[in-house]
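J.: The structure is given below, and queries will be raised subsequently.
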Amino acid sequence: MKKLALHWKIIIGMILGIVFGFIMNSIDGGKGFVADWVAPFGKIFINLLKLIAVPLILASLIKGISDLKDISKIKSMGLKTLGIYIATTMVAIIIGLSIVNAVKPGEGMSKETIEKIKEKYADNTGVKDKLNKASKQKDAGPLQALVDIFPSNIFKSFVNASMLQVIFFALFVGISLLLIAEEKAKPLISFFDSLNEVVMKMVDLIMLFAPYAVFALLANVIIAFDDTEILIKLLWYALCVIFGLALMVVFYLLILKFYVKKSPLWFLQKISPAQLLAFSTSSSAATLPVTMERVEEHVGVDKEVSGFVLPVGATVNMDGTSLYQGIAAVFIMQVIWPEGLTFTNQLTIILTALLASIGSAAVPSAGMVMLVIVLESVGFPSELLPIGLALIFAVDRPLDMCRTVINVTGDATVATLVAKSVGKLGDPKPKNWDDNYDLVK
Ligand code: ASP
């Protein structure tokens, strides 16, 4: 019998998790049961993915650069990648702003609804936590983000999983390896080559657990919903974000069809496990190992490209987040600060949403923290900030799940595009967890 494809197993896990979550929501003590006995399995899965992220970036980037054997190629690939990342993010923000200005989901929200939302969420610890984090971020100097890329202690970067610092270190080691005599470089290159194979195998093994993990993750998301009335009031706003994200998918698929000359459906099918995990975990960082495995082994992008483009993308390229930040900022202004909706302010939003999405961490709800900075850049009154965040808080999690899918899809598309442009897109060679199992069982 033909084995069920991984993405189907994951989809079944997700659907069962959602149904289970709703059932548990309606039973006395059900929420507690999910929190104590089901959610931890989702956490274990995310821990495992995070566990391998740092060794994976190190190994695949160092191996990739040493395979390139040409420093000028690294430079041109780097510039190309950053240029495309900025361009796709701009497209995302412009799509977001066009939709929110055309639909105007924030106009006509009644005073009672605003009052109700304010009462319920403005003092919420989640909202306060986002405001605190944003003010810490704001206190840093303008070049702090640049300084932060250069670690003084690489072990600290490993411990904190500071992705950009690990990428910088790997680039540094890789380039230095190219500059020493070949026979001296060889042992280290084979070490990282072998490490890379091992970590990729770990991804295959972890993925065996994915269908069960998404069950746990989604059941846990469902038990957190309590106020459907407010959710319905925010439906237009949520639909604007979802529609914008869907347009981004169309944009990526057009790039794939016309520039990369690959079938969009084929591409979606290949990367779907990464997209489904992005949806279930709301974290592009946690999804990164799977994105890398899918793009390398199933789409056929060479390690030289994916090893650089994907980790950088997971940290700096967040098209879904930037689109969301544009829509959320204007929506909040439409509801509580319409006088601020000038053309200049909207232009400012394009620029700050670009920077904010680069600065957002690849973890759940980071986009909302940086939204505060976008709002502040247009002079949004600070006393209204808690109400502004409260307005969108109730639907943030589901929208976070959706925007993370786009963040990951964007990274995978750009990796494929860059690979095509530098002649590094080959035939996929998928590996299975049990390829060598017969020899050792
Ligand atoms: N959760 C998103 C990610 O990890 C970031 C965000 O928009 O909050 O890509």
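The values are calculated or read from the model by the stated rules, or taken from the named source; none is laboratory data. Small disclaimer: the values here were computed from a predicted structure and weren't measured. Ideal geometry is used to build each Cβ from the backbone, glycine not excepted, and the neighbour counts take in all protein chains shown.
J.: Checking residue 204 against (1) charged (D, E, K, R); (2) under 30 Å from residue 41 (Cβ atoms); (3) exposed (fewer than 13 other Cβ atoms within 10 Å of the Cβ), only one condition comes out false. Which one?
T.: (3)
J.: Restricting the search to the range 251-264, which residues are in contact with a helix residue (DSSP H, G or I) (Cβ under 9 Å, 6 or more places away or on another chain) and in a helix (DSSP H, G or I)?
T.: 251, 252, 253, 254, 255, 256, 257, 259, 260, 264
J.: Let me ask you something else. List every residue pair whose Cβ atoms sit under 7 Å apart, with the two residues 6 or more apart in sequence or on different chains, where the first one lies in the range 321-350 and is in contact (Cβ under 8 Å) with a residue 12 or more places away in the chain and within 16 Å of the ligand (Cβ to nearest atom) and the second, anywhere, is polar (S, T, N, Q) and assigned to a helix (DSSP H, G or I).
T.: Listed pairs, sorted by first residue: 321/357; 321/407; 322/89; 322/357; 325/357.
J.: On the given criteria, is residue 275 more than 16 Å from the ligand (Cβ to nearest atom), assigned to a helix (DSSP H, G or I) and touching a residue at least 40 places away in the same chain (Cβ under 8 Å)? Please lay out each step first, then the result.
T.: On the way: more than 16 Å from the ligand (Cβ to nearest atom): no; assigned to a helix (DSSP H, G or I): yes; touching a residue at least 40 places away in the same chain (Cβ under 8 Å): yes.
For residue 275, the condition - more than 16 Å from the ligand (Cβ to nearest atom), assigned to a helix (DSSP H, G or I) and touching a residue at least 40 places away in the same chain (Cβ under 8 Å) - is not met.
J.: Follow-up question, since we're still on this one. Among the candidates 238, 285, which residue alone is of a type outside the set (S, T, N, Q) and closer than 21 Å to residue 312 by Cβ?
T.: 285
J.: In addition: Could you run through the range 136-166 and say how many residues are in contact (Cβ under 8 Å) with a residue 12 or more places away in the chain and part of a helix (DSSP H, G or I)?
T.: Qualifying residue count, the range 136-166: 10.
J.: Can you tell me which residues in the range 327-366 are buried (at least 24 other Cβ atoms within 10 Å of the Cβ), modelled with pLDDT under 90, part of a helix (DSSP H, G or I) and not aliphatic (A, V, I, L, M)?
T.: Matches in the range 327-366: 357 only.
J.: Which of (1) of a type in the set (A, V, I, L, M); (2) assigned to a helix (DSSP H, G or I); (3) over 20 Å from the mean Cα position of the chain (by Cα) is the odd one out, the single condition residue 224 does not satisfy?
T.: (2)
J.: Here are some residues: 169, 209. Which one is in contact (Cβ under 8 Å) with a residue 40 or more places away in the chain and surrounded by fewer than 19 Cβ atoms within 10 Å (Cβ to Cβ)?
T.: Values: 169 fails: surrounded by fewer than 19 Cβ atoms within 10 Å (Cβ to Cβ).
Unique residue meeting the criteria: 209.
J.: Kindly evaluate residue 100 against the criterion of being of a type in the set (A, V, I, L, M, F, W, C), touching a Cys at 6+ places or on another chain (Cβ under 9 Å), over 21 Å from residue 420 (Cα atoms) and assigned to a helix (DSSP H, G or I).
T.: For residue 100, the condition - of a type in the set (A, V, I, L, M, F, W, C), touching a Cys at 6+ places or on another chain (Cβ under 9 Å), over 21 Å from residue 420 (Cα atoms) and assigned to a helix (DSSP H, G or I) - is met.
J.: Further question: Out of 2, 43, I need the residue that is among the basic types (Lys, Arg) and modelled with pLDDT under 95. Which one?
T.: Criteria check complete, one pass: 2.
J.: Scan the range 375-408 residue by residue and report those that are more than 12 Å from the ligand (Cβ to nearest atom), farther than 11 Å from residue 127 by Cα and buried (at least 24 other Cβ atoms within 10 Å of the Cβ).
T.: 375 - this is the single residue of the range 375-408 that is more than 12 Å from the ligand (Cβ to nearest atom), farther than 11 Å from residue 127 by Cα and buried (at least 24 other Cβ atoms within 10 Å of the Cβ).
J.: With respect to residue 307, is the statement that it is more than 16 Å from the ligand (Cβ to nearest atom) and part of a helix (DSSP H, G or I) true?
T.: So residue 307 fits the description; yes.
J.: Being in contact with a helix residue (DSSP H, G or I) (Cβ under 9 Å, 6 or more places away or on another chain) and surrounded by fewer than 16 Cβ atoms within 10 Å (Cβ to Cβ) is the filter; apply it to the range 33-46 and report the residue that is nearest to residue 364 (Cα to Cα).
T.: So, considering only residues that are in contact with a helix residue (DSSP H, G or I) (Cβ under 9 Å, 6 or more places away or on another chain) and surrounded by fewer than 16 Cβ atoms within 10 Å (Cβ to Cβ), the one nearest to residue 364 (Cα to Cα) is 43.
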